[in-house]
1. Please report the spacing between the Cα centers of the stretch 234-282 and the stretch 404-459 in Å, no decimals.
2. Evaluate 2.2 N^0.38 Å with N set to the residue count of the stretch 405-538, then give the Cα radius of gyration divided by it.
3. Just want the answer: with Cβ charges of +1 for Lys and Arg and -1 for Asp and Glu, which residue in Thr271, Ile739, Ile642 is farthest toward the dipole's positive end in the chain?
4. Please go through the residue pairs Lys619/Lys683; Lys41/Lys135; Lys534/Lys734; Lys242/Lys534; Lys28/Lys242 and name each one whose alpha carbons sit more than 31 Å apart in this structure.
5. Let's test the formula: R0 of 41 Å, r as the Cβ-Cβ distance of Met167 and Ser512. What FRET efficiency results, to the nearest 0.05?
6. Please list, in chain and number order, the residues 5+ apart from Asp294 or on another chain whose amide H is under 5 Å from its amide H, with Hs placed from the backbone.
7. What is the Rg over Rh value, at two decimals, for the chain, using alpha-carbon atoms and the Kirkwood definition of Rh?
8. Of all the accessible heavy-atom surface of the chain, with the other protein chains kept in place and a 1.4 Å probe, what percent is carbon and sulfur?
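The values are calculated or read from the model by the stated rules, or taken from the named source; none is laboratory data. Here the structure is a predicted model, which is why all the values come from computation and not from measurement. Using ideal geometry, Cβ is built from the backbone for each residue, glycine included, and neighbour counts are taken over all protein chains shown. When the accessible area is computed, the model is the full protein with side chains, heavy atoms only, and any ligands, DNA or RNA have been set aside. Shrake-Rupley method; radii C 1.70, N 1.55, O 1.52, S 1.80 Å.
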Amino acid sequence: MKKKLLVCALLTLSFSLVAQQGDGGIPKSTKASYSLKQIDKKSFSEPDIAALRVEDEITDKAGNAPWRFGFNNYTSLNMSNSGTWNTLPNGDRIWQLVITCENALTVNLTLDQVVLPEGNELYVYNPDKSFILGKFTAYHLYEGNLGTELIPGNTAIIEYYIPAKNMGEIASLNVNTVTHGYRTAGEFAEKAFNSSGSCNMNVNCTDGTPWANQRNGALMLVSGSNGFCSGSLINNTQNDGKPYVLTANHCYSSPASWIFRFNWQAAGCTTPGSSPIFSSLSGAVLRARRTPSDFCLVEITGGLVNNTVPASYNPYFSGWDNTGAIPSSAVCIHHPAGDIKKISFDDNPLVISQAMGSTEANSTWTLHWDRNTTTEGGSSGSPLFDQNHRIVGQLWGGGASCSSLNSADYYGRLANSWNPAGSDSTNHLKSWLDPNNNGATIVDGYDPAGPAVALDATMSNPLGVSGIICTGTILPIITIVNFGTSTLTSATINYGFDGTTGLVYNWTGSLSQYASSVITLPTATLNSGNHSFKAIISNPNALTDQNQSNDTVTSSFNVVVNGDVVNLNLTLDCYGDEISWVLQDNTGTTTLFSGGTYTQTPATTTINVPFCLNDGCYKFTINDSYGDGLQGGSCTNGSYTITTQDGTTLAELSSANANFGYTHSDSFCISTTGLKEYTASWKLYPNPVSDYLTIETPASGLKIIIITNATGQMVQTFQSELNTITLPANALAKGMYFIQLTSNEGTSQKNFIVK
């Protein structure tokens with residue numbers, strides 16, 4: 001299986017004049033009369049490629065480390081122990097060093113201890129100067145660090161220029177890493193320019209037209225001198241262009257020498273024959289990162305203009321939604337396999353899950369790509385946008401590729417990264433993206449070319465109208481947010497179901513910028529089946545909305561009138577990437593639910609999936625692509641049970657019978673029979689709650705917890721063997737909820753209020 005875990009790539013195309021890193025310029029040695037043969041040369045022998053390939057084979061298969069394209073030579077080459085000095089006729093001086101890696105395909109350098117007084121210039125280039133990086137000056141550095149883009153070929157030349165007037169100033173640099181590129185695109189079919197999977201859609205195809213702003217914020221980054229990931233500029237509540245970049249925690253290395261590549265994309269839908277031009281910045285400082293939701297936030301520090309990304313890079317700082325509401329569809333913009341920018345679409349509601357070995361419940365989004373699109377290695381850290389063009393997560397991993405279009409991908413949820421219990425500014429997003437503690441739950445993107453307007457009303461993802469609802473009574477809940485600079489005092493909401501928006505709700509109140517108000521709309525009664533919801537906000541303060549691009553929210557859902565909740569508890573073996581399943585009607589012709597494939601892990605993982613079903617009979621089928629069922633091999637065998645809320649087992653496969661081959665089916669029937677009542681006392685506090693809810697119960701063994709809203713829609717599910725259980729409530733809209741606790745002693749229900 002192939003996870004997107006900091007997969008790296010190697011560019012084997014012609015780079016002539018395609019890269020801009022630094023301010024541009026011509027090295028001063030261009031007019032010098034001396035030859036490169038007179039310059040000090042440091043050579044690095046070819047590493048043990050055979051041994052590296054053995055390591056790579058293991059790492060690539062596990063998918064839990066960078067796809068390594070190069071070997072890092074750690075060294076210390078500076079102006080005192082290396083290089084050659086030459087003095088020009090006017091008294092200026094030039095220091096140069098030639099670095100060669102035997103049989104390398106590319107060379108890139110990491111520098112520290114760089115001191116560049118005003119007037120001094122630094123360049124890095126190849127021997128024929130067809131690929132020039134620079135000029136670099138002091139403002140391109142962070143704490144004296146600089147990372148360079150990949151130089152094509154086996155030789156890189158460093159040039160440091162000092163004008164005669166600066167001879168008394170301190171000047172220095174140290175090359176601490178020389179990366180020898182040794183793997184080619186042909187060895188990993190999805191690597192480098194124009195060699196990602198053929199199904200990938202260029203970002204400027206017609207489908208990508210509505211996403212032009214988010215495209216300008218998405219970027220590729222180089223981490224650890226030899227790894228590629230994706231990421232995005234992300235806005236904060238001050239709309240000040242602070243150059244924050246959101247990516248994945250598994251992409252992390254010391255960011256002081258990271259490279260950020262902007263605008264590397266095809267001009268249209270057709271992939272060009274040679275690389276498009278791109279621009280790069282180097283250097284960043286870590287702001288926060290966290291493992292359970294796999295996020296990393298850094299701030300770019302080098303090459304800035306007025307403390308932000310240069311306007312010539314056409315930057316856009318994407319907005320975000322931290323509510324945790326389920327998007328009705330999603331889009332990812334990314335650099336698969338280190339290739340030019342692509343776009344992927346999931347046209348269905350996302351699923352909340354706990355995947356990628358996360359220790360935290362509900363920490364990931366699960367999705368399956370549509371429109372023949374996908375992600376690949378190198379897409380890690382790429383932003384996931386909801387239907388309102390706001391970031392809701394970043395890519396953690398998964399099995400999707402052009403050869404496995406039906407495999408799932410998993411994203412760390414921004415809601416879990418926002419302000420988890422016990423966190424601080426080092427491991428949450430809140431302190432950085434809401435520095436004034438405005439309490440914002442959603443923020444739109446910031447375009448430096450267009451400031452915020454006075455009247456801009458919008459809405460966040462609606463609740464109560466997504467997923468599966470086990471009742472015919474629908475209670476939509478929406479959140480109005482004021483993005484305008486003027487206080488919002490009134491607005492009109494037109495809404496409806498299944499293509500109509502004839503219902504009207506007139507709102508009044510007082511909201512300052514980024515403040516929000518939760519509105520519970522009147523209930524509606526719908527029949528069983530698939531439905532859609534749409535709401536449009538207009539007339540802010542009885543005037544025209546100055547930004548109508550964010551006025552509409554939509555969602556889709558399925559109604560099961562008088563449904564029964566049934567739970568699938570699936571314990572995977574170590575090879576979850578081989579497992580998939582479907583739940584069908586009793587004839588096996590209509591698929592109601594499906595899941596998998598999952599991730600390959602070093603240990604067993606338990607998946608809990610709740611179903612909402614009418615009384616009747618059903619067929620559950622589990623498949624294993626390898627043909628050994630849930631047999632664990634080097635780890636414990638897998639198993640599954642399908643149970644009602646009161647713990648009655650409807651179907652099961654024990655670990656002793658795990659080796660079912662390629663497929664196994666169970667049939668079961670359900671009917672409403674009432675629940676065995678849970679008689680032991682249990683506590684639920686605080687109530688009302690704003691952040692985290694605690695359950696204390698004396699019951700032993702596994703506890704299954706289901707939270708539903710006032711209409712009976714499941715909004716969260718959990719399972720735990722602990723007697724004290726802490727659950728997040730900060731992603732829930734204000735209002736009343738019901739919590740159902742099921743253990744080996746029975747089932748009981750309490751209600752609580754989110755304030």
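1. Between the Cα centre of the stretch 234-282 and that of the stretch 404-459, the gap is 18 Å.
2. Cα-based Rg divided by the globular estimate yields 1.25.
3. Looking along the dipole axis, the top candidate is Thr271.
4. Values: Lys619/Lys683 38 Å; Lys41/Lys135 22 Å; Lys534/Lys734 21 Å; Lys242/Lys534 34 Å; Lys28/Lys242 34 Å.
Among Lys619/Lys683; Lys41/Lys135; Lys534/Lys734; Lys242/Lys534; Lys28/Lys242, the Cα-Cα distance tops 31 Å for Lys619/Lys683; Lys242/Lys534; Lys28/Lys242.
5. Details: r = 57 Å, r/R0 = 1.39.
After rounding, the FRET efficiency stands at 0.10.
6. Distant-sequence amide H within range of Asp294: zero hits.
7. A ratio of 1.01.
8. On the chain, the fraction of accessible area on carbon and sulfur atoms equals 48 percent.
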